[in-house]
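Everything on this sheet refers to the single structure shown next.
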Amino acid sequence: MRRSEARRNPLRGAIDPSRLARLRAATQLLHRPTSAKDPAAIARAIGGAQAQDVYAGPQTFRSRSRTLTAGDISRARTEERSLLRTWVMRMTIHMIPTEDAGWWLPLFEPGIEKWSRRRLAQLGMPAARQEESLRVAARTLADEGPLTRSEVRERIEAAGVKLTSQTGMHIALTAVVSGVACLGPDRGKTTCLVRREDWLGRLPRFDRGKALAELARVYIRAFGPATDRDFAYWAGLPLRDVRAGLESIAKEIQEVRIGDQMMLAPLGKRPRLPPRGQVRMLGNFDTYLLGWKDRSFSVDDQHAQHVKEGGGGWIRPVVVEDGIVIGGWRSRRQDGRLAIELNLPERDRRRLGPKIEKELADISRFEGIETRIP
């Protein structure tokens, strides 16, 4: 880590590594503070909620709020438009505050667009056909309003451009990250594409330097203490970019020592840790498991299988106690109910029985359906 700027604010003591999980869990709002009521404010506080899984994405908010429901998250996204679901960090879908779209989108979209167009070319779709498809998509959304991706594909094919399932998927992605469209209202269980200007209005003029600074500010507040390499891992950006952002907010951050490692944290007094015994059932791709390159502070070798069973990039639902992964869980929707299977040692089931039951009841409250353990 480069220290030239962070040295402006001297080292403010050391943090016992054994407290790191509790501190980071609290920074990620896993103690459910009473103030956590607004979906957009929560999304900003935790650095966005990864949301390619349409059911697990909203669960990120449940784990951090005592009162929000799945319906509240849906309304924030589709009616109030205070949340925007789109592709940003690591080229994955997140829910971010819509009012931050003006700096968040242009920071990530050009790289995603370049990758998607390259992939279309590899799939046999030349640049001219890509442009023709995007023109049809833009004209169709302007004339007809929100349409499902399948409907947009039908209009493109009717205009004479042949699409496969893969090229159709990438044309929809390219339409979003090129500024033609965005993910807007739902029709049943399907999210529609909508003309971007109709949904978001005109975005402000983009300043890359200020955007990198704001991203650094969001990251350090959501995930600090952390390193610049953690920041780069989370963002999916080059180290030079994240370091430029950190340099821009040097007067707002400080170095802290965690064991033998130096990390960055927001300047000022560290927040008081919540009481011990905080148990949460986190959904797929919860932000808490995606903010740092090294998860060993919260996931030991014994429980690594619960997080990434079989390898790959799929982050599975886990049970955490004071920020430490102690087991996993699975769910399936069946006959109007949510059947939940716990993968938790028997001793922990007995020890944490009432707290697990409380989490199950809260999932039921949030989803508005009955939960049961088969």
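Note on the range 111-267: the C-alpha convex hull projects to 12.1 nm² when averaged across all orientations. Here's the list of lysines a cross-link from Lys358 could span, going by alpha-carbon distance under 26 Å and ignoring same-chain residues fewer than 8 apart: Lys37, Lys308.
Hydrodynamic analysis of the chain uses the Kirkwood radius over alpha carbon pairs. Inserted into Stokes-Einstein at 37 °C and 0.692 mPa s, it gives a translational diffusion coefficient of 149 µm²/s. Against the chain, whose longest principal axis is taken from its Cα atoms, helix 101-122 shows a tilt of about 60°.
If R0 is 35 Å, the Cβ-Cβ spacing of Lys251 and Thr78 corresponds to a FRET efficiency of close to 0.35. Computed with a 1.4 Å probe on the full set of protein chains, the accessible area for Glu197 sits at about 80 Å². Which residue, Arg332, Arg349, Arg149, tops the fluctuation ranking in a GNM of the chain built on C-alpha contacts under 10 Å? Among Arg332, Arg349, Arg149, the largest GNM mean-square fluctuation belongs to Arg332.
Ranked by solvent-accessible area (1.4 Å probe, protein heavy atoms only, all chains present), the residues Trp115, Trp104, Trp87 order from largest to smallest as Trp115, Trp87, Trp104. The apolar share of the surface of the chain, taken as the fraction of accessible area on carbon and sulfur atoms (1.4 Å probe, ligands and nucleic acids excluded), comes to 48 percent. Only helices enter this figure: runs of n ≥ 4 DSSP H residues, each worth -39500 (n - 2.57), summed and divided by the residues of the chain, yield -12500 deg cm²/dmol at 222 nm to the nearest 500. As a rough guide to protection, the peptides 358-366, 179-187 ranked by mean Cβ packing within 10 Å, highest first, stand as 179-187, 358-366. Gain on full extension, evaluated as 0.36 nm per residue between Ile369 and Glu197 minus their Cα-Cα distance, stands at 58.3 nm.
Contact order for the range 176-276, expressed relative to its length and based on alpha carbon pairs under 8 Å spaced 6+ residues apart, stands at 21 percent. Note on the range 233-374: Cα-only Rg and Dmax are 18.4, 55 Å.
Model label sites at Lys162 and Arg139, defined 7 Å from Cα along the beta-carbon direction, differ in position by 2.2 nm.
Between Ala361 and Arg330, the distance separating the two model label sites (each 7 Å from Cα on the Cα→Cβ line) works out to 2.8 nm.
Using the 1.4 Å probe convention, the accessible area of the chain works out to 46 Å² per residue with neighbouring protein chains retained.
Ligands, DNA and RNA excluded, the heavy atoms of Val152 present near 10 Å² of accessible surface to a 1.4 Å solvent probe. Return the Rg/Rh ratio of the range 42-162 with Cα-based radii and a Kirkwood Rh. Computed over Cα atoms, the ratio is 1.03. The length gained on full extension between Glu132 and Met262, counted as 0.36 nm times the residue separation minus their Cα-Cα distance, comes to 41.7 nm. When peptides 254-264, 164-174, 60-70 are sorted by average Cβ neighbour count within 10 Å, with the highest value leading, the order is 60-70, 164-174, 254-264.
Largest first, the extents of the alpha carbon coordinates of the range 202-257 on the three principal axes equal 43, 23, 19 Å.
The values are calculated or read from the model by the stated rules, or taken from the named source; none is laboratory data. Predicted model only: the values in this text are computed from it and were never measured. Neighbour counts run over all protein chains shown; Cβ positions are idealised from the backbone, glycine included. Accessible surface areas use protein heavy atoms only, side chains included; no ligands, DNA or RNA. Shrake-Rupley method; radii C 1.70, N 1.55, O 1.52, S 1.80 Å.
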